[in-house]
Structure formats: structure tokens, C-alpha cells
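**Q** What follows is a single structure, and I will ask about it in a moment.
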Amino acid sequence: MASRSCANFLHLASGNLLDIPQTPRGLPRVMTVPGIISDMDSCSSNDGDSDVASSGCRERKIIVANMLPLHAKRDGETSKWHFSWDEDSLLLHLKDGFSAETEVVFVGSLKVDIDVNEQEEVAQKLLEDFNCVPTFLPHDLQKKFYLGFCKQHLWPLFHYMLPMCPDHGDRFDRILWQAYVSANKIFADKVMEVINPDDDYVWIHDYHLMVLPTFLRKHLNRIKLGFFLHSPFPSSEIYRTLPVRDEILRGLLNCDLIGFHTFDYARHFLSCCSRMLGLDYESKRGHIGLDYFGRTVFIKILPVGVHMGRLESVLNLSSTAARVKEIQKQFEGKKLILGIDDMDIFKGISLKLLAVEQLLQQHPDLQGKIVLVQIVNPARGFGKDVQEAKKETYMTAKKINEVYGSPNYQPVILIDRPVPRYEKSAYYALAECCIVNAVRDGMNLVPYKYIVCRQGTPGMDEALGVKPEYPRTSMLVVSEFIGCSPSLSGAIRVNPWDIDAVAEALNTAITMPESEKQLRHEKHYRYVSTHDVAYWARSFVMDLDRACQDHYSKRCWGIGLGLSFRVVSLSPSFRRLAIDHICSAYRRTNRRAIFLDYDGTLVPEASIIKTPSPEVISIIKTLCDDPKNTVFIVSGRGRASLSDWLAPCEKLGIAAEHGYFIRWSKDSEWETSPVGADLEWKKIVEPVMSLYREATDGSSIETKESGLVWHHLDADPDFGSCQAKELLDHLESVLANEPAVVHRGQHIVEVKPQGVSKGLVAEKVLSRMVNGGKPPDFVMCVGDDKSDEDMFQSILTSVSNPSLPVAPEIFACTVGRKPSNARYYLDDTADVLKLLKGLATATISKPRCLPEIKVSFESNA
């Protein structure tokens, strides 16, 4: 198919989506700093030479889903394909949430196979007539992708079904996974054909396309990308069994916004990110965000709604009114209980029938007075489990009808055929109670549709013979395990596995006083009518727009291979520290101050061996031996271990326990900070920390001379984080009037004296150099922790002192690409070692004094 750029849509008027503040729509074309696009707006210029508005100023949404919202039918006489909108498709309904000027492009597959020689013609027709871009997956690939990986692996797993044995699900098949990835790649190629990356928003739907964001982000680092999962997201204990769990998580994290129906689903996703990728999340002004390599990935929690206009228009059809009268006559004198479900093992149809059987058994007076009409939608799959569920359903219904039925009465009526929308609406309108008994379901809109139909319309009121002011009622019995349950606070919630409880809930629903039914209905209708599909779509795109606002204010670049690809996004002033750049400054300066953190900077944080390597000792000793250098290790560790490990470096300064103890060289005495002389508060802290240590398996307490640290690195990630937050609050409460501060770091909660910080160490060292007549002309500080941020800030403040004759060259550098007060970063401890090797090489005049040093010189990224 020919590529269709934004220029193909110039005939459409520009417009703003819902009056939401937008990312500037101009196409920035001037790059002033590597990776930074300037504010020059190509749309603001209008010199009259062009007769059309710039395409870069328009709004467009690209909706990507497994299936296009289309019906396809081949004409028997002409053999031509005819297409029409699927009026019941959610994808079509969500357009109501966009402004009238917004153009919507759909990307997805057709529900029919199109011959290869017809695909180009069909693609052109769909693009011109429906703004749809078909993917045309090869038949074998489609089968492995959808019926294979999606339906045999992802769908059962996301519904808490594990392949424990061959008869209970299919084991992981890497060929099917490769088909899933290949299909997602084809979808990505189709999106790339039509996208204008500067302006368009892409909204991906459901579990079929969870690695698609990786392919799109790899091509377009700043793409505006949202994803909504319409199925449940399982708990981490279930999800972690998936062999490709990391690839799928990273795929989703390449979005800007990820949507879920319920907090439970979002909580499970966040727990998986924490346990498997080590990512933490936080709530910022009501919005949950994950920091992922400098990008904030936002989480959206909002259940989808129904299309009110569509439902009401069907209620007003004459066919609906006629069917209502037929059903009224058929079930005259009986209370109608309605169930509408797909035929699959998770909808709990057989459990529902068993509950009706129990109801009739426990309440004989209801026999002949109630009827369960169970409409069975056609199965979406054709596996063995579907056939077994169908067989069990029919057997249970037959048994109930034989025991409790009569020639003129059947307590259970199964309707197992395609049921038109108007007929379903008629049943909705007449049912006294609707029951949704699924054992696991992502959302399920049946209760919402039931509520709208029970509210009625003027046409339906006429068919039912009721006055407009007649009070409306409805009763819902819903499973706790479906996505719509939390939003229906007036429903009777049940555990579908508890047959007795479901039976009693049905009895309560049909015998409840009319006044209470009316109150419950009014509450539900208020929610459903105000939280419709347009509200859902509008709310999602508003949050997506907000999530993408910083795209052009940061530098970004891609890292990682294959499905591990991700984008690093950081401040424009934050860049990689190039060794040749700092070495050049190092050589031309004579009074240098060098501050180095220990853990995570000189020694990897995750390393079991905490002692410095001989190479580290050799390099630091070389730096210290240069009379132009003042070198300090500034660490939170105790003075005993630091002085022992770094003993060969005789001229090295050490600041232990965040600067509570300072030693200027091996020959000098330790100086103790005067501000923390009172340590009586340790007697308060120790029993509190001991309590949390005993309650949190894997945690430990580190006792320092000036403070105490509670570690939870080896504890359960979620429980450890939860306990750390609780401990922080507890300690802040009991130490409110004590000269101590509590802070939470990476896997720690630490209590230390007030007025002690790494920043004060840097100030003290720099002040001493100035007072000694040797004001620094070169200051370097490297660290990886939150406590090192104080040092970065302190250096920047101290060197701006007007008493300094010349402003020194500053190199504040954090380890790891993350938001920081530092201007530079290095990736890891290996990079720090390369940097120090480079400085050591510049220090010594005879390179043979050190082992051969290979330094890779890199330019600024």
C-alpha cells in the first residue's frame, strides 16, 4: 500500500481536541542542540504563498486494535467485497469522545481472508471510504498469532489459568511467541505508513498488541503512545510464570499512558514491574507514574462505558417494541432473571445454573414464578474447553427443567443462537434481575446495558404501557471478579464459586422492596449515564495529552536490543560526561577537589564483595599522590571499614557516615561533627527498627556510631517497600522532638543526626582550600545515591561564592541515567573506573607506573 503521510489530509480543517491544552502543533524543524528541537513553529508562519494550512497543525488519532470495526461481505454476483461499519464496535463508539474536527484512522485486521491479488484494491478502498488501514496478516501467521499465542497462552494466563498439565491448557510454545512478535511488527509497519509523528496520537487496544509499542518507540522516540488493556491483568504470582514476561512488560512501558479498568489490574501490573524490573511508582497529584529511564509512564484507571445513544435508539425501534410484547405474553405472571454471556469457561454459566437450582430447592414457593433466560453468545474460540463448558451447561439446564419444570413451565431457557440487538434490548427491559456470574472477566458491559434499558425511553414506555413518571427499578447480582463490579456499589456482589451465596443473592434481588430497587437503580443510572464510552475516551486522551507534554523538552535516545529496547529521556542540560572533555580541563588546572561516593560508584551496588579492587586502590592512590589534588571518599559507611579498606591510599581524605566523621589523611586524627554530639535518640530508634526487622523477613539493621540503618534489599519487594514507608512514618513520629532526621533511600531507612550531610562535607573541604590560599579551579563530584544530591547542590552553591577569584570548572556527575542535580552522568561503576583511569593517566608523567590503561574517548551524546 502506498504510504500516506499527513500531507494527504490537508483538506481537513484543523481543530483542538476537547479544548485540552495541547502539545504545540507546529512541526519543529530546527535542531539547535543535539537531540533538542527548537521552539520554532512552522505553523505560525503564513506568508500567503500557500493555499492550505500546514498539516502539522491538525489533530489526528490512530486507533490500533486486532480487528477493524468493520463488517465485510462478498457480493455473490459480482464477487466484489462490500464493507460497512460495525455499529456495535467499541472502537467506533469511542470517536464520540473526540472533537468533531479530529480525524480518526483505524489500523487492524479484517474478520475475513482477502486474496493476495485483491489486497491492494481493498486497502485503497478501506482507506478512502473508512479511513481504515488493514494489516492483512498471512493466514498461517494469523492462526498462530491469534488462535495460538493470544488464545492459548495470554488469554488463559490473564484469566488465572495455568497449563499445569496437557489437559489443562497448552504449554509455552516459542514458535507461537515468534508469530505474536511478527504480527505486532506488521501492525507497527502499517502504523508507520500513515503516522505524522509530530502531531498524531496512537491509541493501542488490548493484549493482542502488547509488544507493538516497542516497535513504534524504536522508530519514533517521541511518539505519543497510549495503551488500554481490556482484559484482567493477573497477579504477579501468575504473570511471572510467563517465559516472555519481561519483554511484554517492557513493551507496555514504552507507552506514555497505560489504562486499566480497575485498580486491582493496575496494582498487579505495578507489582510485576516492581518485582521483575525493579521499578518503583509514586502518585503525583492523583496520577500514578512509573519512572522508566527518565520517562514517566502514567497509569490510568477508568472502566469503559456504554454508548447511551446506541442503546436508546435500539430501544425505540418498532421491532424492539414488538418483541417486548411477545416476551411479556410468554412470561406473563413470572419474574424474569436474565443472563447474557459468551460461551467460555470463565463466564460461570454452569455455576449460575447451579445457583438457580439451589434457589428453587431452598424456596419451593418460587417454583413456577421465576424463569432464568440465559442468552449464550457465540463462542470466540473452538477449543476443547469451550465444548466441555457447552456440554455441562446443557446437561445442567436439562436436569433443572426435568426436576423443577412442568409441561407449561421451564425454569431455565437457553437461547443458544445469534440474538439480534433489538431482542437483547427487549429482554433487558423486561428482566426483574440481571446476573453476571463470571469467575474472571476484564470488564463486562452487560450490567451497564441492563441499567440503561431498564431506565427506558419514550418509545419503550409506550410499548410497556407505562407512564414517563413511573418509577424505574433494576436489580443486579454481579461477580466480585469482573471489572465493572467496583463501579456498581448498589449491586449485590457475590463469589460465583459460593453456590449458596449466589442463590440467596438471587432471592434477595427478586424479593427486595420496590422502593429500595428504585434507589439502587437511580444510583447506578447516574453513574452509567455520566461515565459513558465518550467520557471514557475523552478522559483517556486528556491524560494521554498531559503525559506527552514533556516530549520536546527533553533529550532522548534509544538503548537496548530487540524487545529490550527503551528510550532514555533526560533534561537537555544533562549529558554524558566525556572523558576527553574532563581530562582536558584536568590538565590545565592546578588546584583540584575530587569527591567520590563509595557504594554504587567505586563498587557495584549489587556486588557481594564490598572491598575495593586492587585496580581501584591503585588509581585512587595515583590521584592522591598528585600534589595538585585534594581527594575525598564521602560515604555513608562506617569509618572502621573505610579506613581499613583504603589504607594504602595514605593521602586520601575520608568522610564516613555522611560526614559525621572526617579524616584529612591517614596520618591525621578523626574529626567528629559537633552538631551530632547528642545521640540519645538511638535508644528510641533501635527498638522500633528491631520490631520491623522481626516483622519483615529478609530485612536487617546496620548499626553505625552516629546512626542506624534498616535495610530491606533482601525482603519481598512489595512488602519491604510497604514496611519502609510505615517505618518512616513511625520514626518521624517518635523523633519529632529529637535532634535526628529520618530519610528513605534505595532499599533503606536511615536515621542520622541533624546537620550532618555529604553536602556539608563538600562545603567544609572547599572552604578549607579557599582559606588555605588554594581556591579550587577544578571540582569533580561523582555519586549515585540520593544523599549525593546534597553534595552536587552544595558544590554548585559553594563555587558561586564571590570570594573565589575565578570560578572553577565544575563536573557534578551521577551514576546512572536519572533525574539529578548533576549536569553529567555515567552509566555505571565501570564507566566511573574508566573516567578515573583517564584522570590518573593525565596525572602521571610516566605511564609505566600503572598497568596499561585503555581509555575510550567519547563525544558528548
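The values are calculated or read from the model by the stated rules, or taken from the named source; none is laboratory data. Not measured: the values here are computed from a predicted model. With ideal geometry, Cβ positions are generated from the backbone for all residues, glycine too; neighbour counts draw on all protein chains shown. These area figures cover heavy atoms from the full protein model, side chains too; ligands, DNA and RNA do not enter into them. Shrake-Rupley method; radii C 1.70, N 1.55, O 1.52, S 1.80 Å.
**Q** Please determine whether any residue of the range 617-633 is open to solvent by 30 Å² or more (accessible area, probe 1.4 Å), in a strand (DSSP E or B) and either farther than 23 Å from residue 828 by Cβ or among the aromatic types (Phe, Trp, Tyr) (or both). Full working, then the answer.
**A** Within the range 617-633, the first condition is being open to solvent by 30 Å² or more (accessible area, probe 1.4 Å), and the residues that meet it are 618, 621, 625, 627-628, 630.
Narrowing further to those that are in a strand (DSSP E or B): 630.
Applying the additional criterion that residues be either farther than 23 Å from residue 828 by Cβ or among the aromatic types (Phe, Trp, Tyr) (or both) yields 630.
Taking every residue of the range 617-633 in turn, at least one turns out to be open to solvent by 30 Å² or more (accessible area, probe 1.4 Å), in a strand (DSSP E or B) and either farther than 23 Å from residue 828 by Cβ or among the aromatic types (Phe, Trp, Tyr) (or both).
**Q** Can you tell me which of (1) open to solvent by 60 Å² or more (accessible area, probe 1.4 Å); (2) within 16 Å of residue 337 (Cα to Cα) is the one residue 503 doesn't meet?
**A** (1)
**Q** Wholly within the range 245-326, which helices (runs of 4 or more DSSP H) include no fewer than the required count, namely at least 3 residues that are over 22 Å from residue 817 (Cα atoms)? Outline the logic, then answer.
**A** Working: elements: 245-253, 263-277, 308-315.
Per the criteria, 263-277, 308-315.
**Q** Then there's this: For the range 82-98, enumerate the residues that are open to solvent by less than 20 Å² (accessible area, probe 1.4 Å) and among the hydroxyl-bearing types (Ser, Thr, Tyr).
**A** Hit for the range 82-98 is 89, nothing else.
**Q** Checking the conditions here, which among 400, 370, 340 is outside the structural domain of residue 154 (by the TED database), among the aliphatic types (A, V, I, L, M), surrounded by 17 or more Cβ atoms within 10 Å (Cβ to Cβ) and in contact with an Asp or Glu (Cβ under 8 Å, 6 or more places away or on another chain)? Before you say what the answer is, go through the steps one by one.
**A** Values: 370 fails: in contact with an Asp or Glu (Cβ under 8 Å, 6 or more places away or on another chain); 340 fails: in contact with an Asp or Glu (Cβ under 8 Å, 6 or more places away or on another chain).
Going through 400, 370, 340 in turn, the sole match is 400.
**Q** Just name the residue that is surrounded by the most Cβ atoms within 10 Å (Cβ to Cβ) out of those in the range 228-276 that are aliphatic (A, V, I, L, M) and either outside the structural domain of residue 158 (by the TED database) or in contact with an Asp or Glu (Cβ under 7 Å, 6 or more places away or on another chain) (or both).
**A** First, the residues of the range 228-276 that are aliphatic (A, V, I, L, M): 229, 238, 242, 244, 248-249, 252-253, 257-258, 266, 270, 276.
Next, from what is left, pick out any that are either outside the structural domain of residue 158 (by the TED database) or in contact with an Asp or Glu (Cβ under 7 Å, 6 or more places away or on another chain) (or both): 229, 257, 276.
On the way: 229: 21, 257: 26, 276: 16.
Result: 257.
**Q** Go through the range 547-559 and give me each residue that's part of a helix (DSSP H, G or I) and either in contact (Cβ under 8 Å) with a residue 24 or more places away in the chain or among the aromatic types (Phe, Trp, Tyr) (or both). Steps first, answer last, please.
**A** The initial filter retains those residues of the range 547-559 that are part of a helix (DSSP H, G or I), namely 547, 551-553.
The answer is 547, 551, 552.
**Q** Being farther than 27 Å from residue 795 by Cα, out of contact with any strand residue (DSSP E or B) (no Cβ under 9 Å at 6 or more places or on another chain) and at pLDDT 90 or above, is that true of even one residue in the range 573-587?
**A** The first filter runs over the range 573-587 and keeps only residues farther than 27 Å from residue 795 by Cα, leaving none.
There is no residue in the range 573-587 that is farther than 27 Å from residue 795 by Cα, out of contact with any strand residue (DSSP E or B) (no Cβ under 9 Å at 6 or more places or on another chain) and at pLDDT 90 or above.
**Q** When the range 356-367 is examined, which residues are found to be buried (at least 17 other Cβ atoms within 10 Å of the Cβ) and more than 16 Å from residue 335 (Cα to Cα)?
**A** In the first step, residues of the range 356-367 are kept if they are buried (at least 17 other Cβ atoms within 10 Å of the Cβ); the result is 356-360, 363, 366.
Residue satisfying the conditions is 358 alone.
Table: residues versus (1) within 21 Å of residue 630 (Cα to Cα); (2) in a strand (DSSP E or B); (3) without any contact (Cβ under 8 Å) to a residue 24 or more places away in the chain; (4) of a type outside the set (S, T, N, Q).
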residue: 743; (1), (2), (3), (4): no, yes, no, yes
residue: 749; (1), (2), (3), (4): no, yes, no, yes
residue: 752; (1), (2), (3), (4): no, yes, no, yes
residue: 761; (1), (2), (3), (4): yes, no, no, yes
residue: 769; (1), (2), (3), (4): yes, no, no, yes
residue: 773; (1), (2), (3), (4): yes, no, yes, yes
residue: 782; (1), (2), (3), (4): yes, yes, no, yes
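**Q** Only one of these conditions is not met by residue 469: (1) at pLDDT below 95; (2) charged (D, E, K, R); (3) part of a helix (DSSP H, G or I). Which number is it?
**A** That leaves (3) as the condition not met.
**Q** Now for a separate question. Quick check: anything in the range 723-740 part of a helix (DSSP H, G or I), of a type outside the set (Val, Ile, Thr), at pLDDT below 90 and open to solvent by 10 Å² or more (accessible area, probe 1.4 Å)? Talk me through it step by step, then tell me what you get.
**A** Just the residues of the range 723-740 that are part of a helix (DSSP H, G or I), to begin with: 723-734.
Checking the rest, the ones that are also of a type outside the set (Val, Ile, Thr) come to 723-733.
When the remaining residues are screened for being at pLDDT below 90, the result is none.
No, the range 723-740 has no match at all.
**Q** A further question on this structure: Could you say whether any residue in the range 173-185 is closer than 19 Å to residue 64 by Cα, open to solvent by 10 Å² or more (accessible area, probe 1.4 Å), of a type in the set (Phe, Trp, Tyr) and assigned to a helix (DSSP H, G or I)?
**A** So in the range 173-185, the residues closer than 19 Å to residue 64 by Cα come out as 179-185.
Restricting the remaining residues to those that are open to solvent by 10 Å² or more (accessible area, probe 1.4 Å) gives 181-182, 185.
Pick out the ones that are also of a type in the set (Phe, Trp, Tyr) and you get none.
Scanning the range 173-185 turns up no residue that is closer than 19 Å to residue 64 by Cα, open to solvent by 10 Å² or more (accessible area, probe 1.4 Å), of a type in the set (Phe, Trp, Tyr) and assigned to a helix (DSSP H, G or I).
**Q** Test of understanding: among 129, 170, 198, which residue is open to solvent by 10 Å² or more (accessible area, probe 1.4 Å), among the acidic types (Asp, Glu) and assigned to a helix (DSSP H, G or I)?
**A** Values: 170 fails: assigned to a helix (DSSP H, G or I); 198 fails: assigned to a helix (DSSP H, G or I).
Sole residue among the options that is open to solvent by 10 Å² or more (accessible area, probe 1.4 Å), among the acidic types (Asp, Glu) and assigned to a helix (DSSP H, G or I): 129.
**Q** Look through 407, 420 and report the one residue that is over 18 Å from residue 371 (Cβ atoms) and surrounded by fewer than 21 Cβ atoms within 10 Å (Cβ to Cβ). Write out each step before concluding.
**A** Values: 407 fails: over 18 Å from residue 371 (Cβ atoms).
Exactly one residue qualifies, and that residue is 420.
**Q** Can you name every residue in the range 581-616 that is surrounded by 18 or more Cβ atoms within 10 Å (Cβ to Cβ) and of a type in the set (S, T, N, Q)?
**A** 601
**Q** Still on this structure, I have one more. Does at least one position in the range 327-334 carry a residue that is surrounded by fewer than 16 Cβ atoms within 10 Å (Cβ to Cβ) and either in contact with a Pro (Cβ under 7 Å, 6 or more places away or on another chain) or among the small types (Gly, Ala, Ser) (or both)?
**A** yes
**Q** For the range 212-240, name all the residues that are closer than 22 Å to residue 188 by Cα and under 13 Å from the mean Cα position of the chain (by Cα).
**A** 213, 225, 226, 227, 228, 229
**Q** Only one of these is in contact with a strand residue (DSSP E or B) (Cβ under 9 Å, 6 or more places away or on another chain), open to solvent by 30 Å² or more (accessible area, probe 1.4 Å), among the hydroxyl-bearing types (Ser, Thr, Tyr) and in a loop (DSSP other than H, G, I, E, B): 706, 668. Name it.
**A** Values: 706 fails: open to solvent by 30 Å² or more (accessible area, probe 1.4 Å).
When all the criteria are applied, what remains is 668.
**Q** When you go through 786, 837 one by one, which is the residue that is assigned by the TED database to the domain that holds residue 619, modelled with pLDDT of 90 or more, surrounded by fewer than 22 Cβ atoms within 10 Å (Cβ to Cβ) and not β-branched (Val, Ile, Thr)? Spell out the reasoning first.
**A** Working: 786 fails: modelled with pLDDT of 90 or more.
Just a single option satisfies the conditions, and that option is 837.
Each row is one residue, and each column tells you yes or no for (1) touching a residue at least 12 places away in the same chain (Cβ under 8 Å); (2) under 19 Å from residue 833 (Cβ atoms); (3) of a type in the set (Ser, Thr, Tyr).
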residue	(1), (2), (3)
530	no, no, yes
567	yes, no, no
591	yes, no, no
606	no, yes, no
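**Q** If a residue counts only when it is without any contact (Cβ under 8 Å) to a residue 60 or more places away in the chain and more than 23 Å from residue 486 (Cβ to Cβ), which strands (runs of 3 or more DSSP E) contained entirely in the range 341-451 have at least 3 such residues? Lay out the reasoning, then the answer.
**A** On the way: elements: 370-377, 412-415, 433-436.
Per the criteria, 370-377, 412-415.
**Q** Another question, if that's okay. Determine, yes or no, whether residue 310 is among the basic types (Lys, Arg) and open to solvent by 60 Å² or more (accessible area, probe 1.4 Å).
**A** Working: among the basic types (Lys, Arg): yes; open to solvent by 60 Å² or more (accessible area, probe 1.4 Å): yes.
When the stated conditions are applied, residue 310 passes them.
**Q** Right, next: Does the range 146-155 contain any residue that is under 25 Å from residue 536 (Cα atoms) and either open to solvent by 30 Å² or more (accessible area, probe 1.4 Å) or free of Cβ contacts under 8 Å to residues at least 12 places away in the same chain (or both)?
**A** Yes, because at least one residue in the range 146-155 is under 25 Å from residue 536 (Cα atoms) and either open to solvent by 30 Å² or more (accessible area, probe 1.4 Å) or free of Cβ contacts under 8 Å to residues at least 12 places away in the same chain (or both).
**Q** Against the condition part of a loop (DSSP other than H, G, I, E, B) and either open to solvent by 50 Å² or more (accessible area, probe 1.4 Å) or within 30 Å of residue 817 (Cβ to Cβ) (or both), how does residue 518 come out, does it pass? Full working, then the answer.
**A** Numbers: part of a loop (DSSP other than H, G, I, E, B): no; either open to solvent by 50 Å² or more (accessible area, probe 1.4 Å) or within 30 Å of residue 817 (Cβ to Cβ) (or both): yes.
Considered against the rule, which asks whether it is part of a loop (DSSP other than H, G, I, E, B) and either open to solvent by 50 Å² or more (accessible area, probe 1.4 Å) or within 30 Å of residue 817 (Cβ to Cβ) (or both), residue 518 comes out as no.
**Q** Shifting gears a bit: Go through the range 648-696 and report how many residues are basic (Lys, Arg) and farther than 26 Å from residue 724 by Cβ. Let's see the steps before the verdict.
**A** First pass over the range 648-696, keeping only residues basic (Lys, Arg): 651, 663, 666, 682-683, 693.
With farther than 26 Å from residue 724 by Cβ added as a condition, the list becomes 651, 663, 666.
Matching residues across the range 648-696 total 3.
**Q** Being surrounded by fewer than 18 Cβ atoms within 10 Å (Cβ to Cβ) and in a helix (DSSP H, G or I) is the filter here; which residues of the range 560-580 pass it?
**A** Across the range 560-580, the qualifying residues are 562, 564, 580.
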